[in-house]
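> One structure, pasted below without further comment.
The values are calculated or read from the model by the stated rules, or taken from the named source; none is laboratory data. Predicted, not measured: the structure shown is a model, and the values here were computed from it. Backbone-built Cβ (ideal geometry, glycine too); neighbour counts: all protein chains shown.
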Amino acid sequence: MDGKKREEPASPPDGSTHLLRIQTMTVGFGIAPNQRFRARGLYRRSGISPCPEDITMFSCPQEYTRAGGACQPAVTRPAGGEYTGMTTNKAKRPDGRFMMLRAKNIWVAGGDPRQAALAALLADDGHSVHTYALERGEGRRCEPSMAGADRADCVVLPLPAAGPDGRLNAPLAEREHELSEVLDALRPGQLVCAGMAGEALEEMAAARGLALRDYFAREELAVMNAVATAEGALQIAMEELPITLHDARVLVAGFGRLGRALGPRLRALGARVWVCARRYEQRAAAECMGLGSEGMDRLSDWLCSYDLVFNTVPAPVLGVEELAALKEGALVIDLASRPGGVDLDAAAALGVRVVWALSLPGKVAPVTSGRYIKNTIYHIMEESDL
């Protein structure tokens, strides 16, 4: 039979194009039409859509921003290497994160691989970055002293700022440093950003007239840190357990930011997950995510069925009675910050395996964690009109 060709409608007057023109040919009785596709506005020679001359695409890398509808350099680097010439202090990248547009003088003192990554990321954004007490960090030369730090727009201290001995938390330094050594080099009114500042550091900063900001107290950092902590917790569980997480019975104690990040990830791996929380709304939120829920009261009555217990509550949760109720071979991973939520002495006496996983973001994802801190520092500087 002769084929019938359907007429192609005319192109609209506004210049837009039709994507497809279908030519239908009947090749025999009862045989489906043979459809040959031709494209207008598509790349006819290779079949790739769209045709390169039809669409202009803009790629805005890190050092570019859109201003007035045009893609323009956010920071310029002349031959001398100094960054110049910004009319505003901040802009958003295409990924939505803030980028400081005017080059700043920033000091990063002490810390773990997160702070080393933070210094590199700040330098990548075009800032003048100085590091101190980070000699064993990768990729940057450290300053021998804090001389010149009083001219910095911002001084960033570690997370936590102080170690257990009260000194500067500087595991990558070649020697120990007192916090007073850092603070005495700064000028009154200078912005200092520290993580988990603590009462002692707050008093020292106030006595010197410094503008201390605790970036770990910021909600945006706490929420994002929970993601890195949850992924690190999964890594520990997989390494320590002799069974798969799939089909394992898992309890998550507490359902704050970390519990909400951890629970769904465990469930996605096939674990049977329960949450124990004090507040009814937290239990309801867990059930909305497809997780089981229990109250915190009489915890020891029903702990015997779990293969794995995560604690996220920084307060006593698993004492002698609760630990004794665990099944043989159960693993406890304490993700809470100091003082933790597990009685470690009782666990050792009972032979219960406990992993107290402190500072997981810095251990499992230092670059990502450094980026979270950097974005939070930018928010603080923005609020301080820097």
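> Taking segment 120-158 only, how many residues are hydrophobic (A, V, I, L, M, F, W, C), outside any loop (DSSP other than H, G, I, E, B) and without any contact (Cβ under 8 Å) to a residue 40 or more places away in the chain?
Final tally of qualifying residues: 3.
> Between a residue in segment 233-250 that is within 18 Å of residue 304 (Cβ to Cβ) and any residue that is acidic (Asp, Glu) and assigned to a loop (DSSP other than H, G, I, E, B), which pairs come within a Cβ distance under 9 Å, given they are 6 or more apart or on different chains?
As it stands, the answer is 241/307; 243/307; 248/307; 249/307; 250/307, since those pairs meet every condition given.
> Now, a different point. Would you pick out the residues in segment 186-214 that are in a loop (DSSP other than H, G, I, E, B), hydrophobic (A, V, I, L, M, F, W, C) and out of contact with any Asp or Glu (no Cβ under 6 Å at 6 or more places or on another chain)? Full working, then the answer.
Of all residues in segment 186-214, those in a loop (DSSP other than H, G, I, E, B) come to 186-190, 195-197, 208-210.
Those left that are additionally hydrophobic (A, V, I, L, M, F, W, C): 186, 196-197, 210.
196, 210, listed by residue number.
> Being touching a residue at least 24 places away in the same chain (Cβ under 8 Å), under 30 Å from residue 171 (Cβ atoms) and assigned by TED's automatic domain parsing to the domain that holds residue 214 is the requirement here; does residue 333 meet it?
no
> Restricting the first residue to segment 205-223 and requiring it to be assigned by TED's automatic domain parsing to the domain that holds residue 372, which pairs with a second residue that is part of a helix (DSSP H, G or I) and small (Gly, Ala, Ser) meet a Cβ separation below 6 Å and a spacing of at least six or different chains?
Sorted first by the residue in segment 205-223, then by its partner, the pairs are 212/205.
Condition check ((1) crowded, with 20+ Cβ neighbours inside 10 Å; (2) under 23 Å from the mean Cα position of the chain (by Cα); (3) of a type in the set (A, V, I, L, M, F, W, C)) across all residues:
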position	(1), (2), (3)
339	no, no, no
343	yes, no, no
348	no, no, yes
353	no, no, no
356	no, yes, yes
360	yes, yes, yes
363	no, yes, no
378	yes, yes, no
381	yes, yes, yes
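> If residue 272 satisfies all but one of (1) in contact (Cβ under 8 Å) with a residue 24 or more places away in the chain; (2) under 18 Å from residue 227 (Cα atoms); (3) out of contact with any helix residue (DSSP H, G or I) (no Cβ under 6 Å at 6 or more places or on another chain), what's the number of the condition it fails?
(2)
> Looking for whichever is under 24 Å from residue 156 (Cβ atoms), among the aliphatic types (A, V, I, L, M) and in contact (Cβ under 8 Å) with a residue 60 or more places away in the chain here; the options are 367, 317, 355. Which one fits?
367
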